[in-house]
Amino acid sequence: MATTPASFGIDQRRALDEHLSQRFIALDAAGYFLIKLDHSAGELIAEHYGNGIDERGLATDPETGEVISCRGAGPRQPLAIYRARSAKELGIALTEGEGPHPISCLDHALYLGRELQRAELCLEQGQPYIQD
């Protein structure tokens, strides 16, 4: 029996998402973002950081050449900080108008769109946001 969209449950969807999260992703040479919330201002914040990419495909600090730790090894200064009241407003700031734009890969843009929507929902509900 074929699985229809109506029979694809939330547990199956989460399992699929977890599986897809394990795939190889080529990093964006234009850099990466840390997404945060400013609940008091009612804003989403996206800090853009530059990076290099080594021969193994790992993000490196452009100044030191060291691999950037996912665990926040040390303070880095963002290249730019974007603030907006909604995911759409922030997405437009990142991708439209005069460049250069801080995103060079379509999969990175899709990821940011999903994360900004999640962050906006947390902002609306007064919940903490943890970036995936």
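Counting the residues of segment 67-88 that are over 21 Å from Arg114 (Cα atoms) and surrounded by 13 or more Cβ atoms within 10 Å (Cβ to Cβ) gives 5.
Being open to solvent by 100 Å² or more (accessible area, probe 1.4 Å) and either under 15 Å from Ala46 (Cβ atoms) or in contact with a strand residue (DSSP E or B) (Cβ under 8 Å, 6 or more places away or on another chain) (or both) is the filter here, so list the residues in segment 94-109 that pass it.
Quick first cut of segment 94-109, residues open to solvent by 100 Å² or more (accessible area, probe 1.4 Å) only: 96, 98, 100, 106.
Once the filter is applied, which keeps residues that are open to solvent by 100 Å² or more (accessible area, probe 1.4 Å) and either under 15 Å from Ala46 (Cβ atoms) or in contact with a strand residue (DSSP E or B) (Cβ under 8 Å, 6 or more places away or on another chain) (or both), segment 94-109 yields only Glu96.
Considering only residues that are of a type in the set (A, V, I, L, M, F, W, C) and part of a helix (DSSP H, G or I), which ones fall in segment 17-42? Residue satisfying the conditions is Leu20 alone. The residues in segment 24-44 that are open to solvent by less than 30 Å² (accessible area, probe 1.4 Å) and either without any contact (Cβ under 8 Å) to a residue 24 or more places away in the chain or of a type in the set (Val, Ile, Thr) (or both) can be counted, and the count is 1.
Is it true that some residue in segment 45-59 is farther than 20 Å from Asp132 by Cβ, open to solvent by less than 40 Å² (accessible area, probe 1.4 Å), in a strand (DSSP E or B) and not hydroxyl-bearing (Ser, Thr, Tyr)?
Going residue by residue through segment 45-59, those that are farther than 20 Å from Asp132 by Cβ are 50, 52-56.
Those still in the list that are open to solvent by less than 40 Å² (accessible area, probe 1.4 Å) too: 50, 52, 54.
Adding the requirement that they be in a strand (DSSP E or B) leaves 52.
Subsequent filtering for residues that are not hydroxyl-bearing (Ser, Thr, Tyr) retains 52.
Yes, some residue in segment 45-59 is farther than 20 Å from Asp132 by Cβ, open to solvent by less than 40 Å² (accessible area, probe 1.4 Å), in a strand (DSSP E or B) and not hydroxyl-bearing (Ser, Thr, Tyr).
The values are calculated or read from the model by the stated rules, or taken from the named source; none is laboratory data. The structure displayed is predicted, hence computed values, not measured ones. Note: ideal-geometry Cβ built from the backbone for every residue, glycine included; neighbour counts use all protein chains shown. Each accessible area value is taken on the protein alone, full model and side chains, heavy atoms only, with ligands, DNA and RNA left out. Shrake-Rupley method; radii C 1.70, N 1.55, O 1.52, S 1.80 Å.
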